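In what follows, a single structure is set out as structure tokens and then discussed.
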Amino acid sequence: MSALLVSDHSEAPPVNNAVYDVARLRRAFPILGREVHGHPLTYLDNAATTQKPKAVLEAIEHHYIHECANVHRGAYWLSEKASEQYEQARKDVARFIHAAHAKEIIFVRGATEAINLVAAGFGRSLLKPGDEIIVSEMEHHSNIVPWQMCAEQSGAGIKVLPFDDRGVLQVAELERLLSARTKLLAVTHVSNALGTVNPLKEIITQAHAHGVPVLVDGAQAIPHLPVDVVTLDADYYVFSGHKVYGPTGIGVLYGKREALERLPPYQGGGDMIRTVSFEKTTYAPLPARFEAGTPDIAGAIGLGAALRFVESVGVEAISRHEAMLMAEAKQVLSDIPGLRLIGTAPHRAGVISFTLDKVHPHDMATILDRQGIAVRAGHHCAQPVMKHFGVPATARASFAMYNTLAEVQALGAALRHVREVLRP
Amino acid sequence: MTDIADLYQELILDHNARPRNNGTLTPCSHQAEGYNPLCGDTLTLYLQVEGDIIRDVKFVGSGCAISTASTSLMTTALKGKTLAQAESLYRAFHELVTSESPRADEALLGKLMAFAGVREFPSRVKCATLAWHTLEAALHARKEPVSTE
Ligand SMILES: Cc1ncc(COP(=O)(O)O)c(C=O)c1O
């Protein structure tokens, strides 16, 4: 295949504890060498999806070229090999989020499917009319709509945990919202629209004091922060592979064993059963029970490779690097006339959202794009957040391990140029 | 390569900064709402049609420069036109911004030719057409707000 996929050890990622060598790290991501509209690509839409390192592309290619077979089905070498790699990926995920057991890791399509899986289970067999689910005001639509659907189906109601004008969750409100009727709390670890890092430990402790399980949407936390699901004591933790340098089409539902076993199966089909007869079907134990049909085998293998890549760079090192980019971005953006930061929580990660006086975010994004700078403009699938701030949309820059201070400065310069083009 | 100035032409910048026919029109004979869920742009369009002639057009809403200028220029183009002329304009404009090789009727489109560059910016086509879809909805009295999706 492409020459880009050839391994080159001189381009290996920097190792733990070494100086954070971002130039070298960038070479591990083939796409970062390309140009857009005649400018070097400045990719600042990492919250939408991250770029993929060669290690991931190679792992996927290796599977298809050398070890392609279905998993858990064939008593032959190739299938055993594929199964082994698939299960290795599950172990990689378990290690990455510090889960107690690999069987608590369910492979799904992404964060969205993971939430739908849990919501469908609650809707079908755990909720009754009058029960309540608490959802925070800063959720992505994928952590709102499945709960609305499950509430509609079961007759349960939804309560909203609000945030303040900085974008900080009003955790004190939880005491008022939690009751004997509450059956689940769904909250994001990091907001994709505001960048807020939520005080999960505090939230989960409070919920548990009322016997309420917590589902955490980790889609925007996994690429930026060390995550330890056991220390957090999260009942469910979900994320998408493609936002943490892995391929699209693969994601993770982590659940504590009891939390998963409470749920009825999600989809029926092959691989999720123990025995099938027309009289009675019994279901397979975890994790197979929730993985009906042929899974995204190559995707899981790619995700495993992505997580190992992140570990080789070091999650803490990435966190520190991105914190520096965020600090610089805050500085650079604050100096731009008419710019308003949306989301000013003291603890933020990865994401910075803003508006520019009299300039629509879409125009901003188009003008930046012509300079090779990719940022997101829109409501970021978080319309309640937009409503809170009274804006139809924001522009959002979001960072990854490979972004540089020079890119942040280029963003600042390009934003000044926006006014020159539009003369609003 | 297309330049950013091909999109943001002088006329478009002018109509964005100073939109014409901005405001409500009540009572009016036709009215419709448009919405672009992708960017949250909203638009309410008011028309006063007498007989076959569009006598007055006004709008309120919030949107990007392309959508605001498109609405503003559309309202100026529509005043005094017959309903049949409005339909032809709608079709000509649609072709101008969406077709690969538009046979632009420059005489018919007039100032609306300023949007010729939009074609090169696929993600912005819906911004330019929102006003026109809303016009269609108003003239054909559709009750549901139109959406670009
Ligand atoms: C916070 C958050 N949750 C959930 C999702 C949904 O992820 P996916 O579309 O990969 O399922 C996203 C993606 O934008 C997100 O940012």
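The values are calculated or read from the model by the stated rules, or taken from the named source; none is laboratory data. Predicted model only: the values in this text are computed from it and were never measured. Heads up, the Cβs are rebuilt from the backbone with ideal geometry, glycines too, and the neighbour counts pull from every protein chain shown. Note: accessible area is taken over every heavy atom of the protein model, side chains too, but ligands, DNA and RNA are not part of it. Shrake-Rupley method; radii C 1.70, N 1.55, O 1.52, S 1.80 Å.
Measuring from a point 7 Å past the Cα of B:Ala141 along Cα-to-C-beta, which residues in the stretch B:33-68 have an amide N at less than 18 Å? Inside the label zone: B:33, B:45-55.
Rounded, prolate or oblate, given the Cα gyration tensor of the stretch A:23-100, with a/c below 1.5 counting as rounded? Verdict is prolate for the stretch A:23-100. Helix-only mean residue ellipticity at 222 nm, the protein assembly as shown, DSSP H runs n ≥ 4 weighted -39,500 (n - 2.57), per residue, nearest 500. What is it? Here the helix-only value at 222 nm equals -11000 deg cm²/dmol. Mean sequence separation of contacting Cα pairs (under 8 Å, at least six apart), scaled by the length of chain A, corresponds to a relative contact order of 22 percent. Near A:Gly251, the amide H atoms lying under 5 Å from its own belong to A:Val108, A:Arg109, A:Gly110, A:Gly241; only residues 5 or more places off or on other chains count, and H is placed 1.01 Å from N. Computed extension length for A:Arg124-A:His141: 4.0 nm, one decimal, from 0.36 nm per residue of separation with the Cα-Cα distance subtracted. Gain on full extension, evaluated as 0.36 nm per residue between A:Arg340 and A:Ala413 minus their Cα-Cα distance, stands at 24.7 nm.
Scanning residues 5 or more positions from A:Lys159 or on other chains, those with amide H under 5 Å from its amide H are A:Ile133, A:Ile134, A:Val135, with H placed 1.01 Å from N in the peptide plane. Using a 1.4 angstrom probe on protein heavy atoms only, the contact between B and A buries about 1500 square angstrom of accessible area, both sides summed. Measuring against 24 Å, Cα to Cα, the residue pairs A:Lys103/A:Lys159; A:Lys54/A:Lys243; A:Lys128/A:Lys387; B:Lys58/B:Lys126 contain A:Lys103/A:Lys159; A:Lys128/A:Lys387 as the ones spanning a longer distance.
Based on the Cβ-Cβ distance from B:Arg103 to B:Asp14, what FRET efficiency comes out when R0 is 35 Å, to the nearest 0.05? The computed FRET efficiency comes out at 0.80. Judged by the gyration tensor of its Cα atoms, with axes a ≥ b ≥ c, the stretch A:356-424 is oblate; a/c meets the 1.5 cut and b/c is at least as large as a/b.
The heavy atoms of B:His140 present about 100 square angstrom of accessible area, all protein chains included, probe 1.4 Å. Among the residues of the stretch B:21-62, those with an accessible-area drop of 40 Å² or more from chain alone to full protein complex, heavy atoms and 1.4 Å probe, are B:Cys39.
Comparing A:Val190, A:Val108, A:Val71 in a Gaussian network model of chain A (Cα springs below 10 Å), the most mobile by mean-square fluctuation is A:Val71. Buried on complex formation within the stretch A:406-422 (loss of at least 30 square angstrom of accessible surface versus the isolated chain, 1.4 Å probe, ligands and nucleic acids ignored): A:Val421, A:Leu422. Building the convex hull from the alpha-carbon atoms of the stretch A:276-359 and averaging its projection over directions returns 11.1 nm².
Within 10 Å of the Cβ of each residue in A:235-247, the mean number of Cβ atoms contributed by other protein chains is 0. Take chain B with all the other protein chains still there, run a 1.4 Å probe, and you get 45 Å² of accessible area per residue. Against the empirical 2.2 N^0.38 Å (N residues), the stretch A:59-311 has a Cα radius of gyration ratio of 1.02. Of the accessible area of the stretch B:3-144, with the probe set at 1.4 angstrom, what percent is carbon plus sulfur? Carbon with sulfur: 49 percent of the solvent-accessible area. Could you run the Debye sum over the Cα atoms of chain A, one equal point scatterer each and no solvent, and tell me log10 of I(q)/I(0) at q = 0.06, 0.09 Å⁻¹, two decimals? For chain A, the Cα-only Debye profile gives -0.26, -0.58. The GNM of chain A, with springs linking C-alpha atoms under 10 angstrom apart, assigns the highest mean-square fluctuation among A:Ala48, A:Ala180, A:Ala23 to A:Ala180.
Backbone phi angles across the stretch A:273-290, fed through the Karplus curve with coefficients 6.51, -1.76 and 1.60 (θ = phi - 60°), yield HN-Hα couplings of 10, 9, 9, 10, 9, 6, 7, 7, 10, 10, 8, 6, x, 5, x, 4, 3, 10 Hz in residue order; Gly and Pro are listed as x. In the stretch A:350-364, burial by the other protein chains removes 50 Å² or more of accessible area from A:His360, A:His362, A:Asp363, compared with the chain on its own (1.4 Å probe, ligands and nucleic acids ignored).
The Rg/Rh ratio for the stretch B:3-144, using Cα coordinates for both the radius of gyration and the Kirkwood hydrodynamic radius, is 0.94. For B:Phe115, the shell of other residues with beta-carbons less than 15 Å away shows a net charge of -3, using +1 for Lys and Arg and -1 for Asp and Glu.
Residues B:Thr76, A:Thr49, sorted by accessible area with the largest first, give B:Thr76, A:Thr49 [1.4 Å probe; ligands and nucleic acids excluded]. Can you send over the carbon and sulfur percentage of the accessible area for chain A, probe radius 1.4 Å, protein chains only? Ligands and nucleic acids excluded, carbon and sulfur give 55 percent. Taking amide H as placed 1.01 Å from N in the peptide plane, the amide H of A:Thr50 sits under 5 Å from that of A:Lys243, A:Val244, A:Tyr245, each at least 5 places away or on another chain.
Highest GNM mean-square fluctuation among A:Gly121, A:Gly249, A:Gly338, for chain A modelled with Cα contacts below 10 Å: A:Gly338. Counting only whole DSSP H helices of chain A, the ones at least 18 Å long by C-alpha along their axis and with mean Kyte-Doolittle hydropathy no lower than -0.5 are A:297-313, A:315-334, A:405-422.
Between B:Ala5 and A:His62, what FRET efficiency follows from the Cβ-Cβ distance if R0 is 41 Å, with the result rounded to 0.05?
Rounded to the nearest 0.05, the efficiency is 0.30.
Between A:Leu78 and A:His210, the contour length at 0.36 nm per residue exceeds the alpha carbon distance by 42.6 nm.
Hey, could you grab the Kirkwood Rh for the stretch A:253-321? Inverse mean 1/r over distinct alpha carbon pairs, Å, one decimal.
Result for the stretch A:253-321, one decimal place: 14.6 Å.
When nucleic acids and ligands are ignored and a 1.4 Å probe is applied, A:Tyr76 ends up with an accessible area of around 110 Å².
Whole-Hz Karplus values for the stretch B:74-80 come out as 4, 4, 5, 6, 7, 4, x Hz, taken residue by residue from phi with 6.51 cos²θ - 1.76 cosθ + 1.60 and θ = phi - 60°; glycine and proline positions read x. For chain A, the solvent-accessible area with a 1.4 angstrom probe is 40 square angstrom per residue. The alpha-carbon of A:Lys201 sits under 17 angstrom from the alpha-carbons of these aspartates and glutamates, leaving out residues fewer than 8 places away in its chain: A:Glu173, A:Glu175, A:Asp217, A:Asp228, A:Asp233, A:Asp235.
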